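Visitor: One structure, as C-alpha cells, below. Some questions next.
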Amino acid sequence: MQTDKPRHIAIIMDGNGRWATAQGKTRAFGHEQGARVAAEAFRLGQERGIEQLTLYAFSFANYRRPQAEVDHLMSLCGRFAEDHRDEFVERGIRLTVIGELEDLPSAARRAIENTIAATAKGTAMTLCLAIGYGARNDLVGAIRALTARAYAGLLLPEEVDETTIRSFMTAGSLRDPDLVIRTGGERRLSDFLLFESAYAELFFSDHMWPDFNAELLDQAISAYARRDRRYGQIGEQLAHSA
Ligand code: FPP
C-alpha cells in the first residue's frame, strides 16, 4: 500500500554526548542542547500535521549511567514539561508519558504530572515522552498485571489477545508508530517500542540529535512516503482493499 504522511513518528534522540564532546563541551551541555532541539521537533511535527510524536528521553537502561548524568537527564525532563506547559496549552498539544516515573525525583515528577493534567484537553497533537521506558520492561509489567488478574479468576487464557496485552502496557494508548527515526549513526532500536513498531518504517541518520532540523525531518517523512507498506500481504491485495 502506498504510504502517505506518518500519523505517529517516534524518535530515538541519540548523539547528544558525542556532539558535545566533539566540540570540547560537557555531555550535560549536549543534553541541554538536545532538549532545545526536542522542543523544535514538536513544533516542526505539529506544523507538518503529525498526530503523535514520541520522544525517547530516558530509557530504562539509562539508569545505569553515572548518577550525575541520570539526575541531570531527569531534571531536564521535568524542566522540559514545565517550561513548555503554556506553549503546549496554546498549541493544543497533549503531553503523555510512557515508562516508569516512580524513580523520578519528586520535583521532576510533579512538573510532568502537572503538565499532563494542564494539557489533557489538547486535541491538535499528542506529545509522548518516554521516560524510564524500556519495551521489555513495559511488556513484563503488562504480563505481570495480566497474570495477577488471571490468578484472581478475572481473566481466562482465551481472553488474552493483542488488545488485552496493550491495555496493560504504559504505551497501550498510543497508535503504533508509522515511522521510527534514530539519529546518532547507530542502526538499532535499543528497546524502544518493540511491540508497537512491528510494522514501522525505520529511518536512520548519521546526524547527532542536536543537529536534527526541519530538513532532516522532511527527509525522513519523504523517505517514508516512498516506502511500500504491505503488512505481510501482497501488493495486489492492498490495492483492492484501498
Ligand atoms: C542517548 O544518547 C540520548 C539520551 C540518553 C537522552 C536524550 C535526551 C535528550 C535529547 C534531552 C532531554 C529531552 C527531553 C525531551 C526532555 P546520548 O545523547 O547520551 O549521546 P551519545 O550516544 O553520543 O553518548
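Visitor: Would you pick out the residues in the range 96-132 that are assigned to a helix (DSSP H, G or I), of a type in the set (S, T, N, Q) and in contact (Cβ under 8 Å) with a residue 24 or more places away in the chain?
Guide: Hits for the range 96-132 are Asn114, Thr115.
Visitor: Sticking with this one: On the given criteria, is Leu73 in contact (Cβ under 8 Å) with a residue 40 or more places away in the chain, more than 15 Å from the chain's Cα centre (by Cα) and either buried (at least 19 other Cβ atoms within 10 Å of the Cβ) or more than 24 Å from Ala225 (Cβ to Cβ) (or both)?
Guide: yes
Visitor: Could you tell me how many of the residues in the range 137-151 are closer than 24 Å to Phe192 by Cα and either of a type in the set (Gly, Ala, Ser) or in a loop (DSSP other than H, G, I, E, B) (or both)?
Guide: Residues in the range 137-151 being closer than 24 Å to Phe192 by Cα and either of a type in the set (Gly, Ala, Ser) or in a loop (DSSP other than H, G, I, E, B) (or both): 3 in total.
Visitor: I'd like to verify a number: residues in the range 7-35 that are more than 7 Å from the ligand (Cβ to nearest atom), charged (D, E, K, R) and without any contact (Cβ under 8 Å) to a residue 60 or more places away in the chain, how many?
Guide: Within the range 7-35, residues that are more than 7 Å from the ligand (Cβ to nearest atom), charged (D, E, K, R) and without any contact (Cβ under 8 Å) to a residue 60 or more places away in the chain number 2.
Visitor: Among the residues of the range 81-99, what is the count of those that are over 19 Å from Leu174 (Cβ atoms) and not charged (D, E, K, R)?
Guide: 2
Visitor: I'm told Leu154 meets every condition in (1) in a loop (DSSP other than H, G, I, E, B); (2) within 16 Å of the ligand (Cβ to nearest atom); (3) not β-branched (Val, Ile, Thr) except one. Can you identify the failing condition by its number?
Guide: (2)
Visitor: So, in the range 12-31, exactly how many residues are surrounded by fewer than 17 Cβ atoms within 10 Å (Cβ to Cβ) and under 18 Å from His207 (Cβ atoms)?
Guide: The total comes to 5.
Visitor: Can you name the residue in the range 53-67 that is touching a residue at least 40 places away in the same chain (Cβ under 8 Å) and outside any helix (DSSP H, G or I) and is also surrounded by the most Cβ atoms within 10 Å (Cβ to Cβ) among such residues?
Guide: Top of the filtered list is Thr54.
Visitor: Right, another one. Considering only the range 64-73, I want to know if a residue exists there that is of a type in the set (Lys, Arg), modelled with pLDDT under 95, more than 8 Å from the ligand (Cβ to nearest atom) and over 23 Å from Gly184 (Cα atoms).
Guide: No, the conditions are met nowhere in the range 64-73.
The values are calculated or read from the model by the stated rules, or taken from the named source; none is laboratory data. Predicted model, so just to flag it, every value in this text is computed and none were measured. Don't worry about glycine lacking a Cβ; one is built from the backbone with ideal geometry, like all the others, and counts go over all protein chains shown.
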